[in-house]
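Some notes on the structure that comes next.
The values are calculated or read from the model by the stated rules, or taken from the named source; none is laboratory data. Because the structure is predicted, anything quoted here is derived from the model rather than measured. Neighbour counts run over all protein chains shown; Cβ positions are idealised from the backbone, glycine included. Just so you know, the surface numbers come from the protein's heavy atoms only, side chains and all, with ligands and any DNA or RNA stripped out. Shrake-Rupley method; radii C 1.70, N 1.55, O 1.52, S 1.80 Å.
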Amino acid sequence: MSLLAAAVMSADMAAALLRENGPVEMASAVLHFVVAIVAAGIWFRRGGLAGLIALGALLLGVRELDWHHAFTTYGLFNLRQYLRPEVPIVEKLASAGTVLLIGTVVVALLIRSLDHIKHLVTRRPPAAYGAIVLVAYLPALKILDAIPRWFREADSALPATALKYARALEEINEMWLPVLVLLFLLQLYLPPQTSQRNAVPSYQGAHR
């Protein structure tokens, strides 16, 4: 889909649609927030991994909007934010507190999801393979995101056509990520009726 989209777009159209904070990136953020809402709703009813997925989708949506950079000098997850002297101490403390809060919530949700994770590992329902796809997809996105930067760091530049394809591969695949996460949620909580042995039980007890 990414390659086909790049093939039918002119370089100017690709630059307009696929730019940072452009329409495709905004659509990606919106989709992440939709997934976060859906996953949170599932988690409140059934517990399990949906809570961790909701938090992950929320953070990915925030990242697409660059909010982790908007209120800091270098970004919440950049070591320079905490090591460079030009960053005010109050900003360092606020950033560290935010990261600590996120980490605490992640650990708490992970602990509550352990039974669900064990279910995926031991019984290997179809959703387990969906999880493998997502785990492989994320580093692939990071590599696609880094390609133009590698050329810039090498004091080179991609030709306009190559840059168009690189942007399409990065941005459209990033927009596809929340769709994959939503499909994974459906696999996880709506297993086929013919496969009851793999059905996901309610983890409401752990959730409480």
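At-a-glance table
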{"item": "Value of relative contact order over the chain, rounded to a whole percent, pairs C-alpha under 8 Å and six or more apart", "result": "34 percent"}
{"item": "Cβ-based net charge around Ala15, under 10 Å, with every Lys or Arg adding one and every Asp or Glu removing one", "result": "+2"}
{"item": "Cα-derived Rg to Rh of the chain, Kirkwood definition", "result": "1.03"}
{"item": "The range 82-198, accessible surface, carbon-and-sulfur percent (1.4 angstrom probe)", "result": "71 percent"}
{"item": "Model label zone, Trp176; criterion: amide N under 14 Å from point 7 Å along Cα-to-beta-carbon; scope the range 1-41", "result": "1-7"}
{"item": "Sequence-distant lysines (8 or more away, or on other chains) whose Cα lies within less than 27 Å of Lys142", "result": "Lys92, Lys164"}
{"item": "Solvent-accessible heavy-atom area per residue, rounded to whole Å², over the chain at 1.4 Å", "result": "58 Å²"}
{"item": "222 nm mean residue ellipticity, helices alone, for the chain (DSSP H n ≥ 4; -39,500 (n - 2.57); rounded to 500)", "result": "-24500 deg cm²/dmol"}
{"item": "Gyration tensor (alpha-carbon) shape descriptor, the range 110-149, a/c threshold 1.5", "result": "oblate"}
{"item": "Order of exposure, largest accessible area first, which applies to Asp66, Asp115 with probe 1.4 Å", "result": "Asp115, Asp66"}
{"item": "Cα gyration tensor, the range 1-92 - rounded (a/c under 1.5), prolate or oblate", "result": "oblate"}
{"item": "Gyration tensor (alpha-carbon) shape descriptor, the range 96-187, a/c threshold 1.5", "result": "oblate"}
{"item": "Helical segments meeting 30 Å axial Cα length and Kyte-Doolittle -0.5 threshold in the chain (DSSP H)", "result": "23-46, 89-112, 126-153, 160-189"}
{"item": "Spacing of the two label points (7 Å from each Cα toward its C-beta) at Ser10 and Arg123, in nm", "result": "5.5 nm"}
